[in-house]
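Following: one structure in structure tokens, then a few remarks.
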Amino acid sequence: GVQTGVTLTAGTMARVVFTSVPTSAVHAVNFNITAQLQDNFGNPTTTATNRNITISASPSGTVTNGSPAILAGQNSITQSIALNVPSNGNYTLTVSSSGLSSGVSSSISVTGLVSQQEYSAGGAYSF
């Protein structure tokens, strides 16, 4: 038969993770990520108050717009960020929030950074 009157609710908020991250990006050019609050079983959990999160890059670099908040009554945020890195290569992002386990993204291939040697070898340009 059909079971009625059953209510399922997510468990206690335990972690913040990425649910959407690109596989490639261009240095200092914005792209979107999505971060989500979850319980220990991977179910989305809604925050009762605004929840600050921090997005950082590894092994080095900075993240523009990397300190958004997941708003009260929500369980996720899509944020436009940019990676400012010292060289082209593979980077990961970490998303964290006080009191929760952090999430690490898959590898992002960052390109578009012109090295000093490439710039110096370019000579004069005409348009």
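For this structure, a couple of remarks:
- So I55, is it closer than 21 Å to Q38 by Cα and either open to solvent by less than 50 Å² (accessible area, probe 1.4 Å) or not polar (S, T, N, Q) (or both): yes
For every residue, the table says whether it meets (1) open to solvent by 40 Å² or more (accessible area, probe 1.4 Å); (2) part of a loop (DSSP other than H, G, I, E, B); (3) modelled with pLDDT of 95 or more; (4) among the small types (G, A, S).
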{"residue": "G1", "(1), (2), (3), (4)": "yes, yes, no, yes"}
{"residue": "V6", "(1), (2), (3), (4)": "yes, yes, no, no"}
{"residue": "A10", "(1), (2), (3), (4)": "yes, yes, no, yes"}
{"residue": "V16", "(1), (2), (3), (4)": "no, no, yes, no"}
{"residue": "A28", "(1), (2), (3), (4)": "yes, yes, yes, yes"}
{"residue": "N32", "(1), (2), (3), (4)": "yes, no, yes, no"}
{"residue": "L37", "(1), (2), (3), (4)": "no, no, yes, no"}
{"residue": "A48", "(1), (2), (3), (4)": "yes, yes, no, yes"}
{"residue": "V63", "(1), (2), (3), (4)": "no, no, yes, no"}
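- Check on N50, over 29 Å from V85 (Cα atoms) and not aromatic (F, W, Y): yes
- Within the range 83-112, being assigned to a loop (DSSP other than H, G, I, E, B), of a type outside the set (S, T, N, Q) and open to solvent by less than 70 Å² (accessible area, probe 1.4 Å) holds for V85, L100, G112.
The values are calculated or read from the model by the stated rules, or taken from the named source; none is laboratory data. Keep in mind that what you see is a predicted model, and the values were worked out from it rather than measured. In case anyone asks, the SASA skips ligands and DNA or RNA and just uses the protein heavy atoms, side chains included. Shrake-Rupley method; radii C 1.70, N 1.55, O 1.52, S 1.80 Å.
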